[in-house]
Amino acid sequence: MDTKIKILSDNRSAGHEYYLSDRFEAGLVLTGTEVKSAKDGKIQLKDAFGEVSANEAWLVNAHIGQYSHGNIMNHEPVRRRKLLLHRAEILKLQHTTRERGLTVVPTKLYLKNGLIKIELAIGKGKKLHDKRESEREGEMKAEARAALGRRRD
């Protein structure tokens, strides 16, 4: 089966702010105008996070801009949106967030076979010195790539 994936929003700061581990793919319960706005790319995941309450998973603080051609029935830009996950995945998220003090971070929102999906990762917050170390490693890798590129010329 040929799966077509189109990334609608990418949370690049998640890798900078957190150590990311297990990843999950989840569906989202959205209204019609939210789907149209998301397909237009009017979505912001930077401040969003996932939470589990009453055995249901929720996406909190994700901003989906209002649809430009919407009417009085247009959606609220920031609201809790239900995540569609298997029971075992919800229980795992619940265990890791409550017992080990980790958080659920949305990393990207994409269109897969006509359905809007979100990729969630379990993250542990980085301290300031960890962020500096990650930046240093990235700079060293970039310099190494540049040196290899110059050598090939």
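The values are calculated or read from the model by the stated rules, or taken from the named source; none is laboratory data. The structure presented is a predicted model; accordingly, all values stated were derived computationally and were not measured. Cβ sites come from the backbone with ideal geometry, for glycine too, and all protein chains shown count toward neighbours. With ligands, DNA and RNA removed, areas are computed over all heavy atoms of the protein, side chains included. Shrake-Rupley method; radii C 1.70, N 1.55, O 1.52, S 1.80 Å.
Among the strands (runs of 3 or more DSSP E) lying completely within the stretch 51-153, list those that include at least 1 residues that are at pLDDT below 85.
Counting at least 1 such residues, we get 115-125.
For the stretch 78-85, does any single residue satisfy the condition of being buried (at least 17 other Cβ atoms within 10 Å of the Cβ), within 21 Å of S21 (Cβ to Cβ), of a type outside the set (S, T, Y) and within 21 Å of the chain's Cα centre (by Cα)?
There is at least one residue in the stretch 78-85 that is buried (at least 17 other Cβ atoms within 10 Å of the Cβ), within 21 Å of S21 (Cβ to Cβ), of a type outside the set (S, T, Y) and within 21 Å of the chain's Cα centre (by Cα).
So if I check each of Y18, Y67, which one is under 15 Å from the mean Cα position of the chain (by Cα) and of a type in the set (S, T, Y)?
Answer to the selection: Y18.
Would a scan of the stretch 3-16 turn up a residue that is among the β-branched types (V, I, T), open to solvent by 50 Å² or more (accessible area, probe 1.4 Å) and part of a strand (DSSP E or B)?
yes
Is one or more of the residues making up the stretch 132-152 free of Cβ contacts under 8 Å to residues at least 40 places away in the same chain, closer than 25 Å to A26 by Cβ and either open to solvent by 30 Å² or more (accessible area, probe 1.4 Å) or not aliphatic (A, V, I, L, M) (or both)?
no
Just to be sure I understand, how many residues within the stretch 108-126 are touching a residue at least 12 places away in the same chain (Cβ under 8 Å) and either on the phi > 0 side of the Ramachandran plot or open to solvent by 10 Å² or more (accessible area, probe 1.4 Å) (or both)?
12
Looking at the stretch 96-153, which of the residues that are of a type in the set (S, T, Y) and within 19 Å of G41 (Cα to Cα) is nearest to the chain's Cα centre (by Cα)?
The residue in question is T107.
Can you tell which of N55, N61, N11 is free of Cβ contacts under 8 Å to residues at least 40 places away in the same chain and within 16 Å of the chain's Cα centre (by Cα)?
Step by step, each of N55, N61, N11 is checked, and only N61 is free of Cβ contacts under 8 Å to residues at least 40 places away in the same chain and within 16 Å of the chain's Cα centre (by Cα).
Looking only at the stretch 25-50, which residues are open to solvent by 20 Å² or more (accessible area, probe 1.4 Å) and part of a strand (DSSP E or B)?
E25, L28, I43, Q44, F49
What number goes with the only condition from (1) closer than 16 Å to L115 by Cα; (2) touching a residue at least 24 places away in the same chain (Cβ under 8 Å); (3) not polar (S, T, N, Q) that G32 does not pass?
So G32 meets the others, but not (2).
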